[in-house]
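Heads up: the structure comes next, in structure tokens.
The values are calculated or read from the model by the stated rules, or taken from the named source; none is laboratory data. Everything numeric here is computed off the predicted structure, so don't read it as measured data. Heads up, the Cβs are rebuilt from the backbone with ideal geometry, glycines too, and the neighbour counts pull from every protein chain shown.
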Amino acid sequence: MDIFRTKSVENSLADTHDPEFQLKRNLTALDLTVFGIGVIIGAGIFTLTGTAAALYAGPSVVFSFVLAAICCGLAALCYAEFASTVPVAGSAYTFSYATLGELVAWIIGWDLILELMLGASVVAQGWSTYFVTFLDEIGLGWPDAVGPTADAGWGHFNLAAFLLVAALTLLVAVGIKESLRVNLVLVGVKLFVVLFVIVAGLFYVNGANYDPFVPPAAAPVDSSGITQPLFQWMFGIEQQTFGIFGIISAASVVFFAYIGFDVVATTAEEARNPQKDLPRGILGSLVICTVLYVAVALVITGMVKYDQIDTSAALATAFQDVGRDGFATLIAAGAVAGLTTVVMTLMIGAIRVLFAMSRDGLLSPRFAHVNPRSGTPVRITVTIGLLVALVASFTPIGDLEEMVNIGTLTAFALVSIAVPVLRNTRPDLERSFRVPWSPFLPILSALVCVYLALNLSIETWLRFVVWMVLGFVVYFGYGYGHSRVGRGTGIPAPDFAVHEDGEEIRD
């Protein structure tokens with residue numbers, strides 16, 4: 001049983017020219033950058049900034065954001081090299097298939113589906129809360145019986161979350177370019193609100209709030225049993241608060257505010273000039289978001305003393321504390337626009353990963369058929385949309401948020417390892433972007449991701465294991481026997497190469 005068989009880069013590229021499974025190449029570097037910003041800047045900038053400052057690092061949380069950005073940047077470099085070398089839908093799944101083998105690719109694909117679908121569901125629920133808050137701010141209301149509630153249990157119907165996902169599913173099914181036009185407008189609104197917060201907040205910064213900039217070390221985070229980090233259970237090292245080690249602890253928290261740049265790689269097959277545009281989109285969105293995160297962190301900790309920050313709504317309450325209650329309406333509007341783009345982008349990512357897996361035969365190929373009019377896999381889009389809508393509107397999903405993080409970090413680690421592997425096995429491939437100092441930086445990236453994953457709770461790891469076991473059942477029950485690579489039914493590699501400018505060069 002050859003579970004580590006690989007799919008060659010040439011065959012992966014050949015699949016992108018199969019008329020039955022061919023996506024339209026419509027996306028520019030600007031589209032990809034906006035796409036990345038759209039998914040990275042979400043609830044993190046509206047709540048996580050204040051949480052990390054109040055509980056872990058104080059004003060020095062700005063160093064935590066920079067440290068997290070560096071760690072995330074290592075993985076981004078690896079994604080940029082792979083996405084520009086193998087511009088095929090599927091992101092880490094496709095990269096792993098070409099280097100580490102089918103079983104590892106399946107694990108990553110199954111992992112990414114969990115990450116992206118669950119992430120979209122979690123954010124859709126968060127969106128519904130901000131949406132109802134915004135309606136209240138402008139004098140309208142929303143029925144409590146079909147709205148988000150803090151104590152909602154299984155079966156409570158969240159109509160706002162359901163309608164959001166339904167509308168986005170319809171939009172994504174119409175076409176990727178149309179989706180990103182809406183995304184561009186909403187990202188514009190979100191960036192306007194974020195920049196407004198930064199500029200307006202500067203007028204209310206009190207220098208005394210920055211003293212001390214690095215608060216003295218305090219007691220470690222209190223956790224035990226299956227809620228404690230796996231790293232703590234293994235080595236007895238507790239997560240620290242404040243001081244130098246508090247900055248590091250905060251970095252592991254705010255790292256997850258950057259999650260999303262990797263979703264850009266899932267649209268590689270739809271980029272007009274993937275060799276140049278994908279690295280620009282991935283790295284550009286990460287740099288822009290880092291600058292914005294650091295600026296917001298400086299403003300918030302300057303407006304409010306770090307130990308007085310409201311961790312549930314840091315931005316809104318910061319302005320309320322300085323007598324600007326009216327700004328809360330604008331911030332709520334920004335959050336609604338911001339979280340809309342996050343849900344849409346995560347859904348697109350899940351659709352593209354499932355599309356790649358279905359096209360390879362690991363799941364039913366019937367899902368991967370592309371509608372000739374829209375150029376999108378409509379069946380997969382509707383399936384993903386329905387699942388996300390049901391989970392977001394009927395389940396108390398908040399306790400599962402860390403599942404998104406463990407899925408992302410696993411994918412980051414394996415993509416990082418795959419870079420030097422492909423360098424060794426296929427040195428002949430044209431690489432328009434190369435990770436510097438390989439294999440040192442890719443290995444460092446993988447180690448950082450493993451460390452951060454170990455800082456997730458034992459409970460999260462147990463749930464992850466259950467999901468993986470289910471995945472193995474599906475793979476060995478269906479995927480292994482129906483794999484196009486295993487059955488030798490993939491279409492032949494094309495007799496042309498793709499130049500850096502996107503033009504085909506035939507032999």
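If only one of LEU112, LEU163 is within 23 Å of THR460 (Cβ to Cβ), modelled with pLDDT of 85 or more and part of a helix (DSSP H, G or I), which one is it? Residue meeting the stated conditions: LEU112. Condition check: out of contact with any Cys (no Cβ under 7 Å at 6 or more places or on another chain), under 12 Å from ALA268 (Cα atoms), among the charged types (D, E, K, R) and surrounded by 14 or more Cβ atoms within 10 Å (Cβ to Cβ). Does ARG5 satisfy that? Judged against the criteria, ARG5 is not a match.
With respect to the stated conditions, LEU400 fails to be modelled with pLDDT of 85 or more and part of a helix (DSSP H, G or I). Checking PRO229 against (1) surrounded by fewer than 20 Cβ atoms within 10 Å (Cβ to Cβ); (2) within 28 Å of LEU447 (Cβ to Cβ), only one condition comes out false. Which one? Only one criterion is unmet by PRO229, namely (1). Of the helices (runs of 4 or more DSSP H) lying entirely inside segment 228-324, those carrying at least 2 residues that are polar (S, T, N, Q) and within 20 Å of the chain's Cα centre (by Cα) are 274-303. Close Cβ contacts (under 7 Å, 6 or more residues apart or on different chains) running from residues in segment 260-276 that are within 19 Å of GLN22 (Cβ to Cβ) to residues that are at pLDDT 75 or above and acidic (Asp, Glu) comprise ALA271/ASP277.
Filtered by the rule that a residue be part of a helix (DSSP H, G or I), more than 22 Å from the chain's Cα centre (by Cα) and among the aromatic types (Phe, Trp, Tyr), segment 421-462 gives a lone residue, PHE440.
Among residues that are over 17 Å from LEU346 (Cα atoms), in contact (Cβ under 8 Å) with a residue 40 or more places away in the chain and under 28 Å from the mean Cα position of the chain (by Cα), PHE196 is included. Between VAL172, VAL182, the distinction of being surrounded by 22 or more Cβ atoms within 10 Å (Cβ to Cβ), β-branched (Val, Ile, Thr) and assigned to a helix (DSSP H, G or I) belongs to VAL172 only. Taken together, ALA52, ALA83, ALA14 contain a single residue that is under 30 Å from THR129 (Cβ atoms) and in a helix (DSSP H, G or I), which is ALA52. Hey, among the residues in segment 364-378 that are more than 18 Å from LEU13 (Cα to Cα) and over 23 Å from the mean Cα position of the chain (by Cα), which one's modelled with the lowest pLDDT? Within segment 364-378, the match that is modelled with the lowest pLDDT is SER374.
In segment 58-78, the residues that are under 16 Å from PHE261 (Cα atoms) form Cβ pairs under 6 Å with partners that are outside any helix (DSSP H, G or I) and at pLDDT below 90, at six or more places apart or across chains, as follows: CYS72/TYR258. Scanning segment 209-224 for residues that are out of contact with any strand residue (DSSP E or B) (no Cβ under 9 Å at 6 or more places or on another chain), without any contact (Cβ under 8 Å) to a residue 40 or more places away in the chain and either over 27 Å from ILE406 (Cβ atoms) or not in a loop (DSSP other than H, G, I, E, B) (or both) yields a total of 2.
Number of residues in segment 232-245 that are charged (D, E, K, R) and surrounded by fewer than 16 Cβ atoms within 10 Å (Cβ to Cβ) equals 0. Within segment 420-435, residues that are at pLDDT 90 or above sit with their Cβ atoms under 7 Å from residues that are charged (D, E, K, R) and buried (at least 16 other Cβ atoms within 10 Å of the Cβ), at 6+ positions apart or across chains, in these pairs: ARG434/GLU81; VAL435/GLU81. Summed over segment 456-479, the residues that are closer than 14 Å to GLY407 by Cβ and in contact with an Asp or Glu (Cβ under 9 Å, 6 or more places away or on another chain) give a count of 7. Scanning segment 210-245 for residues that are of a type in the set (Gly, Ala, Ser) and either within 29 Å of VAL299 (Cβ to Cβ) or at pLDDT 80 or above (or both) returns ALA217, ALA218, ALA219, GLY243.
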